[in-house]
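Encoded as structure tokens, the structure appears first; notes follow it.
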Amino acid sequence: MKISLRYLCFLLLGLLAVTLIAACSSTVNHTRVTSQKPQDDGCRVVQHTMGETCIPQNPQRVVALSQETFINGLELGVPSIATVFVPGFPFPEYLQGKVSRVETVGTYDSPNLEKILYLQPDLILADSYYSQNIYNQLSQIAPTIVLNVPFPPPSWKDQLEELARILDKEDVGQQLINNYWQRIEQLQQALGLGAASPKENRRHTLKVSIANTSSESGIWSYGEKHHSGETLKDIGLQRPESQKGDFFYIENISIERISDIDGDVLFFVSWEREDDKKTLGKLKQSPLWAKLNVVQRDQVHFVGMHWHNSDILAINAILDDLFKYLVNTP
């Protein structure tokens, strides 16, 4: 797998993009600040991938070094004062009106340690893929937790549960997951899954494809291990043969193999960058695109980057799309 797509995959898990920078009008004053070691009183020892750390009982100045952690923390009731950003990407529609302004501290692969120090956090939430090598430096600034997020990442449920455990919000995390399963059951009933007669159960045979195209990695499709594929599997929907299996995604699908993304329904993900729009435009002009059964039956649905992401708001936005396009109900 190419590093470029792997890099983008992580960056887009909870994308807030440049809008986060624009939302922060204040200029950071890089006055030297002395790092303060965590106080022993009132802290709680938690286990994580780098060992154990004593963190505040009720952290008030959290810095999240991944945006899915930032968003999940927000939904768990522990908002962050700062997170990382990705330059060049538009603000995701599924986050509009749900994310307030927040300071930014650099990019995923290059967080600004000086700026983090200036913010005087009482807790830093990092992940094992990007931040493991700078754990010691981060720990000198504030108590630091390294979450278990390698590549490919674990299930979105596992990520949410781990963060909820770290933040002592397990009840809230479980309620978020319970709400998800309730929506899954409602969707199954609306689709007729489990119905008595084959006619009523016809949607159980739907083959749902998920694909994307980008200027960096061409055409690619999502497997059952991806967060969107995991959601389809929880519902019981079928996948095209090329998208079955325990894998995250397949990249650089040639135009000659574009039939691999065919299905009864195709959810085509858009990152909405100008280069990606041009790449998609060229793809749609191809005669091989026009030959896809799903195109001929007008069953291609162009959806936002939430289909790529793993935070709880993105997962619920995927369910919204499934209700909208497969059931035609809110």
Tell me which residues, restricted to region 257-277, are assigned to a loop (DSSP other than H, G, I, E, B) and among the aromatic types (Phe, Trp, Tyr). TRP271
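From the residues in region 292-323 that are of a type in the set (Asp, Glu) and either without any contact (Cβ under 8 Å) to a residue 60 or more places away in the chain or in a helix (DSSP H, G or I) (or both), which one is surrounded by the most Cβ atoms within 10 Å (Cβ to Cβ)?
The residue in question is ASP321.
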Only one of (1) within 29 Å of GLN186 (Cβ to Cβ); (2) surrounded by fewer than 21 Cβ atoms within 10 Å (Cβ to Cβ); (3) in contact with a helix residue (DSSP H, G or I) (Cβ under 6 Å, 6 or more places away or on another chain) does not apply to GLU251, and that is (1)
Among residues of region 34-48, those that are at pLDDT below 95 and either outside any strand (DSSP E or B) or of a type in the set (A, V, I, L, M) (or both), counted: 9
For the subset of region 287-326 comprising residues that are among the β-branched types (Val, Ile, Thr) and touching an Asp or Glu at 6+ places or on another chain (Cβ under 7 Å), which member is farthest from GLU256 (Cα to Cα)? ILE312
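Which residue is least open to solvent (accessible area, probe 1.4 Å), if the candidates are limited to region 281-291 and must be under 15 Å from VAL265 (Cα atoms) and among the hydrophobic types (A, V, I, L, M, F, W, C)?
Of all residues in region 281-291, those under 15 Å from VAL265 (Cα atoms) come to 289-291.
Subsequent filtering for residues that are among the hydrophobic types (A, V, I, L, M, F, W, C) retains 289-290.
Numbers: TRP289: 15, ALA290: 52 Å².
Ranking the qualifying residues of region 281-291, first place goes to TRP289.
One line per residue, one yes/no per condition, for (1) touching a Phe, Trp or Tyr at 6+ places or on another chain (Cβ under 7 Å); (2) over 14 Å from ARG61 (Cα atoms); (3) surrounded by fewer than 21 Cβ atoms within 10 Å (Cβ to Cβ); (4) in contact (Cβ under 8 Å) with a residue 24 or more places away in the chain:
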position	(1), (2), (3), (4)
LEU95	no, yes, no, yes
VAL105	no, no, no, yes
PRO111	no, yes, no, yes
GLN120	no, no, yes, yes
ILE124	no, no, no, yes
ASP127	no, yes, no, yes
SER131	no, yes, no, yes
TYR135	no, yes, yes, yes
SER139	no, yes, yes, yes
Of (1) farther than 18 Å from PRO79 by Cβ; (2) in contact (Cβ under 8 Å) with a residue 24 or more places away in the chain, LEU147 satisfies all except one. Which? (1)
Among the candidates LYS207, LYS169, LYS199, single out the residue that is in contact with a strand residue (DSSP E or B) (Cβ under 6 Å, 6 or more places away or on another chain), of a type in the set (Lys, Arg) and either at pLDDT below 90 or open to solvent by 40 Å² or more (accessible area, probe 1.4 Å) (or both). LYS207
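Within region 57-83, can you find the residues that are of a type in the set (A, V, I, L, M, F, W, C) and either open to solvent by 20 Å² or more (accessible area, probe 1.4 Å) or in contact with a His (Cβ under 8 Å, 6 or more places away or on another chain) (or both)?
Of everything in region 57-83, those that are of a type in the set (A, V, I, L, M, F, W, C) and either open to solvent by 20 Å² or more (accessible area, probe 1.4 Å) or in contact with a His (Cβ under 8 Å, 6 or more places away or on another chain) (or both) turn out to be LEU74, ILE81.
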Could you check region 210-233 and list, in sequence order, the residues that are within 13 Å of LEU191 (Cβ to Cβ) and surrounded by fewer than 17 Cβ atoms within 10 Å (Cβ to Cβ)? none
Starting from region 278-291, keep only residues that are free of Cβ contacts under 8 Å to residues at least 40 places away in the same chain, then list their pairs with residues that are loosely packed, with under 12 Cβ neighbours inside 10 Å and part of a helix (DSSP H, G or I) whose Cβ atoms are within a distance under 9 Å, requiring at least 6 positions of separation or different chains. LYS284/ALA290; LEU288/GLU256; ALA290/GLN296
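The values are calculated or read from the model by the stated rules, or taken from the named source; none is laboratory data. Model, not experiment: these values are computed from the prediction. Counting neighbours? That spans all protein chains shown, and the Cβs are built from the backbone with ideal geometry, glycine included. With ligands, DNA and RNA removed, areas are computed over all heavy atoms of the protein, side chains included. Shrake-Rupley method; radii C 1.70, N 1.55, O 1.52, S 1.80 Å.
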